[in-house]
Amino acid sequence: MGSTLAEWFQAGGIFMWPILICAVVGAAVAVERLLYLFLRASINTPVFLAAVQRHLLDGDVDAAVRLCNAEAGALLPRVLKAGLVRADRPEGEVKDALEEATLEVSPLINRRVAYLPVVANVATLLGLLGTIQGLIESFQAVGESDAAERSAQLAHGIAVSMNATFAGLVVAVPVLVVHALVASRANALFDEIDHASLRLTNLLGAVRREGPASGGSPVLPFPERG
């Protein structure tokens with residue numbers, strides 16, 4: 001590797017530029033997805049569900065809806081709100097509303113996640129192309145150059161080969177690691193939403209059967225037992 005980053009980059013040959021583009025794209029997607037899935041779209045699920053349950057057991061569905069509105073940036077409150085605003089409807093309609101809301105937020109969770117392995121694979125293949133280019137230059141130097149130039153051109157070809165491979169892997173490995181983290185968090189969000197939706201459905205059913213714990217009437221009336 002050269003004494004400076006610029007020298008090393010130049011020694012890697014022409015394929016270093018598309019590898020650099022892959023690095024920029026991969027970094028941008030990785031940062032955006034990490035910030036969104038771990039911060040903006042997330043919420044303290046146990047605390048939030050406990051608060052929703054407390055409002056429902058008190059018969060105050062409207063307060064539970066307001067709680068969801070206060071956390072509008074997170075995905076779980078957005079899904080649960082779809083069920084809460086239909087709390088006075090039959091259980092089947094509540095389930096349908098929750099499923100529809102889950103489908104609506106799914107693209108927000110999966111958005112651009114698939115780009116990460118693509119970027120990693122492209123960077124690796126570009127590094128391989130740089131390796132082949134360097135080997136071709138090395139073989140040409142051996143076959144065509146005189147003794148005075150052969151060693152210099154051979155060293156240049158080997159430098160292109162090794163630097164391009166190294167650069168491709170330096171980009172690909174972190175991007176793949178980030179993809180594993182992002183995919184794991186996306187799956188965790190889906191699991192949280194599914195579990196919370198089921199819990200809400202069961203809780204609404206229990207309130208319908210037993211009535212609010214405080215003995216009052218819900219703000220959004222539940223259907224009478226048939």
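For the subset of the stretch 135-149 comprising residues that are among the charged types (D, E, K, R) and at pLDDT 70 or above, which member is farthest from I14 (Cα to Cα)?
It comes out as E149.
So if I check each of R78, R112, R86, which one is touching a helix residue (DSSP H, G or I) at 6+ places or on another chain (Cβ under 9 Å) and either surrounded by fewer than 17 Cβ atoms within 10 Å (Cβ to Cβ) or of a type in the set (S, T, Y) (or both)?
That would be R112, the only listed residue that is touching a helix residue (DSSP H, G or I) at 6+ places or on another chain (Cβ under 9 Å) and either surrounded by fewer than 17 Cβ atoms within 10 Å (Cβ to Cβ) or of a type in the set (S, T, Y) (or both).
Based on this model, can you work out whether S161 counts as of a type in the set (G, A, S) and modelled with pLDDT under 75?
no
Any chance you could count how many residues in the stretch 159-200 are surrounded by 17 or more Cβ atoms within 10 Å (Cβ to Cβ), more than 24 Å from the chain's Cα centre (by Cα) and more than 23 Å from A23 (Cβ to Cβ)?
Residues meeting the conditions: 1.
Among the listed residues L20, L39, L34, which satisfies the condition of being over 23 Å from E192 (Cβ atoms) and surrounded by fewer than 20 Cβ atoms within 10 Å (Cβ to Cβ)?
L20
For the stretch 109-122: of the residues being part of a helix (DSSP H, G or I) and among the hydrophobic types (A, V, I, L, M, F, W, C), which is nearest to the chain's Cα centre (by Cα)?
I109
The values are calculated or read from the model by the stated rules, or taken from the named source; none is laboratory data. These numbers were taken from a predicted model, which means no experiment stands behind them. Virtual Cβ from ideal backbone geometry, glycine too; neighbours counted across all protein chains shown.
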